[in-house]
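The values are calculated or read from the model by the stated rules, or taken from the named source; none is laboratory data. All values reported here derive from a predicted model rather than from experimental measurement. For neighbour counting, all protein chains shown are included, and Cβ atoms are generated from backbone atoms with ideal geometry for every residue, glycine included.
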């Protein structure tokens, strides 16, 4: 749908009309070998059950227990750089913060979270597919567990993370605080300035704190074990459709034991009367830039899909 050589419309104007980010058009992404994809899927599942394991312990598990003959360097690259994982226990690689970026204080210690739009949390997770992999990012309201915005991409970059913050603010108003980890996407000038422009305070997890971002880590567990591992997507289209279906279910139908068996939408809208439910049941604000033809969408084809 995007025409790079359009005679009348620039790339910027086409993206503005379609409601997508220009950063998703810039460069293709190098794919991974079949072996690396297999290793990443195994690590992803193992990490959800054992998030205290860093790359060295993953390497021990893969080589000693699973019989793979692979180097620690390979596992470290996949674990830290490609998948963006980090152990929840302190260690030299618990955060891939850029050394020149500022780190903001953790603001949630002792905070009574008792209303919607008080605190949001955001993170990135790796999504395996039959034909590659993608990354999923989301913003969750901590009080209600309501998923405010989400997006799929085949690379992790700062503008992508910043854009879903703006999408959530546009639809639901701004939060008082947004909590992230210390990853380079969140300490970047692009993300920090975007958060500040929306008059929100930025809170960052301490290195290796096991509970700081527990709510969104639980979201990753739920979407993978309840949907994406059962119906493993073939490509970007299927990944998008599965996520769209699941997050609608998660927000409006799934009852959560951690919030006394309420549904997230019930709490978010009941406690937030100035925000009516006119958008129910479909809440995802991102537009589909490819019309109905998704047959060519696979990881590595475009940087940003949704």
Run down 156, 134 and say which single residue is outside the structural domain of residue 48 (by TED's automatic domain parsing), under 20 Å from residue 86 (Cβ atoms) and surrounded by fewer than 22 Cβ atoms within 10 Å (Cβ to Cβ). 156
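Does at least one position in the stretch 215-230 carry a residue that is assigned to a strand (DSSP E or B), at pLDDT 90 or above and within 27 Å of residue 54 (Cα to Cα)? Show your work before the answer.
Quick first cut of the stretch 215-230, residues assigned to a strand (DSSP E or B) only: none.
No, the stretch 215-230 contains no residue that is assigned to a strand (DSSP E or B), at pLDDT 90 or above and within 27 Å of residue 54 (Cα to Cα).
From the list 53, 96, 13, exactly one residue is surrounded by 15 or more Cβ atoms within 10 Å (Cβ to Cβ) and modelled with pLDDT under 75. Which is it? Steps first, please.
On the way: 53 fails: modelled with pLDDT under 75; 13 fails: surrounded by 15 or more Cβ atoms within 10 Å (Cβ to Cβ).
Among 53, 96, 13, only 96 is surrounded by 15 or more Cβ atoms within 10 Å (Cβ to Cβ) and modelled with pLDDT under 75.
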Considering each residue of the stretch 153-194, count those that are under 15 Å from residue 103 (Cα atoms), in contact with a helix residue (DSSP H, G or I) (Cβ under 7 Å, 6 or more places away or on another chain) and not in a helix (DSSP H, G or I), and give that number. 3
Go through the stretch 231-253 residue by residue and tally those that are closer than 26 Å to residue 50 by Cβ and in contact with a helix residue (DSSP H, G or I) (Cβ under 8 Å, 6 or more places away or on another chain). 8
